[in-house]
Amino acid sequence: MAPPDPSALSEKDGIPQPETVSSDQAGQIISRRQKKPSPQTLFDGISQSNVSALSRAITLVESTSPKHLEAANQIIALCLPRANRSVRIGITGVPGVGKSTFIEAFGKYLTGLGKKVAVLAVDPSSTISHGSILGDKTRMEDLVKDPNAYIRPSASGETLGGVARKTRETITLCEAAGFDTIIIETVGVGQSETAVHSMVDFFLLLKIAGAGDELQGIKRGIMEMADAVVINKADGDNVKRARLAKTEFNRALHLFPAKKSGWMPKVETCSALTKDGVDKVWGLISDYLELVQGNGYFADKRQAQNQYWMMETIHEQLQRHFFSNPDMVKEIERQKTAVLQNEISPFAAAQSLMDRYFNR
């Protein structure tokens, strides 16, 4: 047998593959990534309803980096003349009440009326890992594809009430982008929900029937802040229980003091799953807006909220400056040690730190 031809076993040169991305194109991509848009450029995009520019601006506003603070403040200042032209609705309820499903059904109903809806969904942060799932866009898969809707999930962080630290500024940016209805979804219910109550025009509390004694919900301070209570998941076998819960809450609401707005909170039932009753919820909000805009309460409340957030911002900045000051960081550690060794009381240590801070 003849020996094999060595040339058949040798590797032949293949055809050289062209570059998928030329060096010039790669350089252009890198330069664009490194180039950060100016506050004016971002504002121009926001004023043209560019959601990419809006998202980048919100990221700047939410940033805790000091180098981003100046740019964020410039963007907010540019957006202020275009703000305050929306209806702000806060929606809260216990986990499992169906907030995301309701907001999607409600948002789709509003965009069907020709409105532009921005949803600011606050996602709870882990106290251990400090991370958040930010899965609201996944839950609202139909609304997220609506060209007249914008969904922005944000981590609650350590903020009281589950309202992201910069939610108030984010509202201003969304209004400047042309969104006429702003919906804020909070983490849950409780006394700390005053945070979201102080930045919206209408506060909606979602409840479900058959989840225990209804009086437990009535006792909460959250009821005093609610402008409407909506019994969700009123479908299937739960319709009868939902109607009974509506009657109980209607009776309970009459026990609370009258609101300064002159509005008597209402109770409705709805099913976010079947969309039944969603139009009635918007009818309630429309009736409320007609009343408070007519008697001047709407404008008065907006002014009071602006003053409230000015004071809250002062508190926040003082706290941040206090704990980030290098001299104070050292002194705090020294006072902690003294407290642990019972050399000084916690109250005296705190007073000493404050005296040192303000008399530096």
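Any read-out appearing in this document is the output of simple, stated calculations on the displayed coordinates, not a laboratory observation. Just so you know, these numbers come straight off a predicted model, no measurement behind them. Cβ coordinates were reconstructed from backbone atoms using ideal geometry, including for glycine residues, and neighbour counts include every protein chain displayed.
Some values worked out for this structure:
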| quantity | calculated |
| --- | --- |
| Trypsin sites (Lys or Arg not before Pro) within the range 42-96: DSSP coil, no more than 16 neighbouring Cβ in 10 Å | Arg85 |
| Neighbour cut-off at most 16 other Cβ (10 Å), DSSP loop, GluC sites (Glu not before Pro), the range 277-360 | Glu343 |
| Shape category assigned to the range 247-360 from the gyration tensor of Cα positions, a/c cut at 1.5 | prolate |
| Exposure proxy order (Cβ contacts within 10 Å, fewest to most) of Glu175, Glu248 | Glu248, Glu175 |
| Amide H partners (placed H, <5 Å) of Ala121, local residues excluded | Arg152, Ser154, Glu185 |
| Pairs beyond 23 Å (Cα-Cα), from Lys207/Lys275; Lys116/Lys280; Lys207/Lys259; Lys108/Lys280; Lys145/Lys275; Lys145/Lys246 | Lys145/Lys246 |
| Under-5 Å amide H pairs with Asp146, H placed in peptide plane, nonlocal only | none |
| Cα gyration tensor shape for the range 34-78, rounded if a/c is under 1.5, else prolate or oblate | prolate |
